[in-house]
Ligand code: AMP
């Protein structure tokens, strides 16, 4: 079956062998390759990863693959937003100007190697068959083939609510890294546990491409008016739900403020829950029919992901993960803040 691809100024590769040829050339030319794995429906959050990669590498590759293995059978695999044509158009407009190179002359060819402007170099757009040659089902009891599990780090925080999620993520990212062989890989703080777990994965599996220290974590991009973390899933929100959605971020900020003022973990979490309760009352007063349910909000050790002691205060830790998940209507939103010295984890 042939795949009809939208036209793209950025070369698109749909098979691993075709991509490997491109990668081989970059290797021979001694060019560094930055890699940004995504599930598409691109927004400014993805683009901030792309810009960071453009700034740090000669070439930048982005993959788009909605990975069935990380969705549980009851989750939103079929409805997950797919906006390929728009993604290509958006990506083609992303540029980075390298200040260390001379500007091209007025008639200069912008695609020339000698320009000071960098743009994404390739898109990897594999099919499900390409990524899962042995096939894939969402029900892990009937899956066949090779899967990657980061034991001991996949069932806390997000993994408590989504027990098969990190197995799916670790598996697909291992496959993508095997094909792309990037010098550096870029992940968002928005999914902090995922980013830290993948850093551990590259270290545990002794990966050369990328080396663990070249797994970069890029700060969360937010709506600059109300702080809502940008997410492809925000597209699911109705107008009323969108108004309620920043409650999670506001709750995290309240907890962070209390923590920095010396409150204990328990006191901080109370503050956070109060913010969400107050926002719920507000939506009812404003007659918005929005149902919310707090899935979790917790303080976790940034190294082990274990829940920190109730009595802990900022004196006890250099760095802590404060994260949460909130259902707004049927949409599950996640967010986090790093408390303390974020430079210890945000390399
Ligand atoms: P996704 O397409 O949702 O799988 O995300 C692809 C990558 O983009 C992951 O590394 C995410 O953590 C990252 N990402 C998603 N949203 C944001 C955001 N608001 N800010 C920074 N990175 C993000």
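Quick notes
- Residue match in segment 142-153 (condition: touching a helix residue (DSSP H, G or I) at 6+ places or on another chain (Cβ under 8 Å) and not in a loop (DSSP other than H, G, I, E, B)): no
- Within segment 202-231, if we keep just the residues that are in a helix (DSSP H, G or I) and touching a strand residue (DSSP E or B) at 6+ places or on another chain (Cβ under 9 Å), the residue that is farthest from the ligand (Cβ to nearest atom) turns out to be 203.
- Only one of the listed residues (181, 213) is modelled with pLDDT of 95 or more, closer than 30 Å to residue 30 by Cβ and in contact with a helix residue (DSSP H, G or I) (Cβ under 6 Å, 6 or more places away or on another chain). That residue is 181.
- Single residue of 276, 334, 320 found to be assigned to a helix (DSSP H, G or I) and surrounded by 19 or more Cβ atoms within 10 Å (Cβ to Cβ): 276
- If you go through segment 96-122 and keep only what is modelled with pLDDT of 70 or more and in a loop (DSSP other than H, G, I, E, B), you end up with 98, 99, 100, 101, 102, 103, 115, 116, 119, 120, 121.
- Filtered residue count, segment 178-195, keeping only those that are more than 9 Å from the ligand (Cβ to nearest atom), surrounded by 21 or more Cβ atoms within 10 Å (Cβ to Cβ) and part of a helix (DSSP H, G or I): 3
- Each residue in segment 59-74 was checked for being part of a loop (DSSP other than H, G, I, E, B) and either within 9 Å of the ligand (Cβ to nearest atom) or touching a residue at least 60 places away in the same chain (Cβ under 8 Å) (or both), and 6 of them qualify.
- Of all residues making up segment 30-44, the number that are farther than 18 Å from residue 208 by Cβ and out of contact with any helix residue (DSSP H, G or I) (no Cβ under 6 Å at 6 or more places or on another chain): 3
- Scanning segment 21-42 for residues that are within 15 Å of the ligand (Cβ to nearest atom) and outside any loop (DSSP other than H, G, I, E, B) gives 34, 35, 36, 37, 38.
- Against the criterion of being within 17 Å of the chain's Cα centre (by Cα) and over 14 Å from residue 10 (Cβ atoms), residue 75 does not qualify.
- Within segment 175-196, residues that are at positive phi reach partners that are more than 6 Å from the ligand (Cβ to nearest atom) with beta carbons closer than 7 Å, at six or more positions or on different chains, in the pairs 181/23; 181/209.
- Among the residues of segment 80-94, the ones that are in a loop (DSSP other than H, G, I, E, B) and touching a residue at least 24 places away in the same chain (Cβ under 8 Å) come to 5 in all.
- Residue-level check: of (1) in a helix (DSSP H, G or I); (2) more than 21 Å from residue 230 (Cα to Cα); (3) touching a helix residue (DSSP H, G or I) at 6+ places or on another chain (Cβ under 8 Å), residue 262 misses just (1).
- Qualifying residue in segment 43-53 (condition: part of a loop (DSSP other than H, G, I, E, B) and either touching a strand residue (DSSP E or B) at 6+ places or on another chain (Cβ under 9 Å) or touching a residue at least 24 places away in the same chain (Cβ under 8 Å) (or both)): yes
The values are calculated or read from the model by the stated rules, or taken from the named source; none is laboratory data. No experiment lies behind these values; they were computed from the predicted model shown. In this analysis, Cβ positions are derived from the backbone assuming ideal geometry, glycine residues included, and neighbour counts consider all displayed protein chains.
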